[in-house]
Number of protein chains: 2
Amino acid sequence: MPTRQGRYTLRLDSCPSIVSFAAVVGKKEGEGPLAQEFDIICDDTTMGEKTWEKAESRLQKDAVNRALSKGGLSASEMDFILAGDLLNQCISSTYGLRDLNIPLFGLYGACSTMAESLCLGSIMVDSGAAGHCVCVTSSHFCSAERQFRYPLEYGSQRPPTAQWTVTGSGCAVVAPSCKAPYVRAVTVGKIQDMGITDVNNMGAAMAPAAADTLKTFFMDTGTTPDNYDLILTGDLGQVGSQLVEELLQRESFDISKRHSDCGLLIFDIKEQGVNAGGSGCGCSASVLCSHILNKIQHKELNNVLFLATGALMSPTSLQQGESIPGIAHLVHLSSTSYQDDCTINGH
Amino acid sequence: MPTRQGRYTLRLDSCPSIVSFAAVVGKKEGEGPLAQEFDIICDDTTMGEKTWEKAESRLQKDAVNRALSKGGLSASEMDFILAGDLLNQCISSTYGLRDLNIPLFGLYGACSTMAESLCLGSIMVDSGAAGHCVCVTSSHFCSAERQFRYPLEYGSQRPPTAQWTVTGSGCAVVAPSCKAPYVRAVTVGKIQDMGITDVNNMGAAMAPAAADTLKTFFMDTGTTPDNYDLILTGDLGQVGSQLVEELLQRESFDISKRHSDCGLLIFDIKEQGVNAGGSGCGCSASVLCSHILNKIQHKELNNVLFLATGALMSPTSLQQGESIPGIAHLVHLSSTSYQDDCTINGH
């Protein structure tokens, strides 16, 4: 059962398991440093579909189907699917998941969606409300560019602080505790807005949210950055990554030795021309649901704080002079459960 | 604790209470049959803001603040806020709720959002994951028209099957069981797509989802329409309302005597020029969080099935030739709890 730890953190007493996971990515991501980790790399980023939006739906569908098949699971066993994406009215999720016939909670957390869905799915399983929850999200470079910035055909220039939307999808299936990776705790984020208005500097807009959620988690649990092998932010990129470390340093939390960012892991930022790094819902989702969960499963990582960060603006809100509010949700993943702790301490 | 009843329905054993609620609407809604029931009627639908989107954010902010103040509650006591809306990237929620400093689960369920947030909030409270959950959504005629159809200045004609997006917001605060209205059970819907492509006939697109969720609930619980005082769909309007009754009739469930629709309750459809009735997230939210919850609180209604229905398409998906998938989530509201049943039966 979920129990409060401090004001904002929920300790998941049963430690739900991520029983299966999969990541599907595009060509460019498949040429990056994590190439060996992904389940499917699509050489043709149209996925054989007629539009970029349909291609993105296809990514999400393929990620779910692969996660189910890897785990020997069927869609009919799933109690809920928790899904969302960046496109207007979350159409990647709707059309990608339409045929699965699983009760759907549609989410909107921008690039924080993978963590949001894992928070909710894990709470549901820990509380007994669900047996199996499918958590999934996606993004596509081409659908995101034309919706949020310019049509690709326009060939716009990108400033050095801009990030590159990942073409990819990640899916994790949460189920009652049985094996690593386990979900030990979650901290749901609050909107933070420091007045950033530059849409080409999303990392800076999201960093305060990541810092706030991390600080909250450390205070709630009485732990410090040194208690974790890895503190993994979603897609702050180069600018935001530096900023979150600085913001936390001011609060006397030094995460610099443990911190990494999915947007910096998925691409070789010197070689692949992605400016400040990767971004998009699919960035943190595909890195988590391959590289990171693999390492936790094999006990190469034992205690990971995963924080996907989202920028909650829209082109319309920016045109109307609004700043960019950020949000970050935290999931504490581990190779051991609370039950394991007792066993280890008992011996 | 939530326990499964049948395959898809969750019985909420503790029967969480809706401890406070409020509805804020625009001028036209304030001239309709439910005028006396709303907490705030805004004569100026700009809400004193410079854009329609900011006006909609303001509706949502006002609804939350009114619900909190009516219940003698403060934002700092709230554990989660579950919110979403129709606008791209859900900006009404983000900017409306930005200053509240409550952990946010952003939702996208189109016009099903009020039921989606109530489902999640009630599960969270019933499972002990949360003490207080704020559930809120909104829509605004002017922001919706220009995003989904045409700018108002264009003066487009509307066919008889078209519905009128409600300018309004409804907010409900769910907390541990203490008084009516109680949430007894929830059924989370699955995407249903019958191939409808006419954006001016949303009722027809959403009716199959409402029928599917209702049928699922009746089968899971072994109840029939006659066990309820009111079966209230979200915003099917005239066309969809007739259709859902026909679809269920084919399955041998006659809801016609108990069925009503928020889109038909909020306007006088003969006098107010709204064609097939009201629609939008704010339609079911504002009708539920005034008229309906008031009646349950005063035991004028005792057993209500509330089903908000959503059409999960976007203008882009329609332009690309996709049909309109629908979804409907069900919340069983009651003036009595399971505990009351035992007491009554015991005497």
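Ignoring solvent entirely, what values of log10 I(q)/I(0) come out of the Debye formula for the stretch A:2-175 at 0.20 Å⁻¹ when each Cα is a single scatterer?
Each listed q maps to, in turn, -1.30.
Need one number: convex hull volume per residue for the stretch B:226-292, Cα atoms only, in Å³.
Per residue, the Cα convex hull of the stretch B:226-292 comes to 87 Å³.
Under a Cβ-only charge scheme (Lys and Arg +1, Asp and Glu -1), can you give me the dipole magnitude of the protein assembly as shown about the Cα centre, in debye to the nearest 20?
Roughly 340 debye for the protein assembly as shown.
Computed over the Cα atoms of the protein assembly as shown, what is the convex hull's projected area averaged over all directions, in nm²?
For the Cα atoms of the protein assembly as shown, the hull's average projected area reads 29.0 nm².
Be a star and scan the stretch A:151-182 for residues whose amide nitrogen sits under 14 Å from the point 7 Å along the Cα-to-Cβ vector of A:ASP340.
Label zone hits: A:177-182.
For the stretch A:182-344, compute Rg over Rh where Rg is the Cα radius of gyration and Rh is the Kirkwood radius from the inverse mean 1/r over Cα pairs.
Rg/Rh: 0.99.
First measure r as the distance between the Cβ atoms of A:ASP44 and B:GLU49, then evaluate 1/(1 + (r/R0)^6) with R0 = 56 Å and state the FRET efficiency to the nearest 0.05.
Computed FRET efficiency for A:ASP44 and B:GLU49 comes out at 0.75.
Please average, across the residues of B:97-103, the number of beta carbons from any other chain that are within 10 Å of each residue's own beta carbon, and give a whole number.
Mean shielding count: 5.
Loop only per DSSP, at most 16 neighbouring Cβ atoms within 10 Å: give me the GluC sites (Glu not before Pro) in the stretch A:45-77, ordered by residue number.
Passing both the DSSP loop test and the Cβ count: A:GLU49.
Between the stretch A:122-195 and the stretch B:124-138, what is the C-alpha centre distance in whole Å?
If we compute the Cα centre of each part, the gap is 23 Å.
Among DSSP beta bridges lying fully in chain B, give the percent that are antiparallel, nearest 5.
In chain B, DSSP labels about 65 percent of beta bridges as antiparallel.
Can you pull out the trypsin sites (Lys or Arg not before Pro) in the stretch A:1-86 that DSSP calls coil and that have at most 15 other Cβ atoms within 10 Å?
A:ARG7, A:LYS27, A:LYS50
Work out the charge dipole of chain A with +1 on the Cβ of Lys and Arg and -1 on the Cβ of Asp and Glu about the Cα centre, then indicate which of A:GLY237, A:CYS119, A:LEU265 is farthest towards its positive end.
Going by the charge dipole, the pick is A:CYS119.
In a shell of Cβ-Cβ distance under 10 Å around B:ARG7, excluding B:ARG7 itself, what net charge do Lys and Arg (+1) and Asp and Glu (-1) give?
So the environment of B:ARG7 carries a net charge of -1.
Might you report the magnitude of the Cβ-based charge dipole of the stretch B:172-298 about its Cα centre, with Lys and Arg at +1 and Asp and Glu at -1, to the nearest 20 debye?
About 440 debye.
Taking the Cα centre of the stretch B:2-175 as the origin, how large is its charge dipole in debye, to the nearest 20, when only Lys and Arg (+1) and Asp and Glu (-1) carry charge on their Cβ atoms?
340 debye
Using amide H atoms built in the peptide plane, which far-off residues or other-chain residues are under 5 Å from B:SER279 H to H?
B:TRP164, B:THR165, B:VAL166
Of A:PHE80, A:TYR95, A:PRO2, which is farthest on the positive side of the dipole of the stretch A:2-175, counting Cα position, with +1 on Lys and Arg Cβ, -1 on Asp and Glu Cβ, and the Cα centre as origin?
Towards the positive end, the residue furthest out is A:PRO2.
Can you report the principal axis dimensions of chain A using only the alpha carbons, biggest first, rounded to whole angstrom?
Cα extents, longest axis first: 64, 48, 36 Å.
Throughout, read-outs are computed from the coordinates displayed, never taken from laboratory work. Remember, it's a predicted structure, so these values are computed and weren't measured experimentally. No Cβ is skipped: glycine too gets one built from the backbone with ideal geometry, and neighbour counts run over all protein chains shown.
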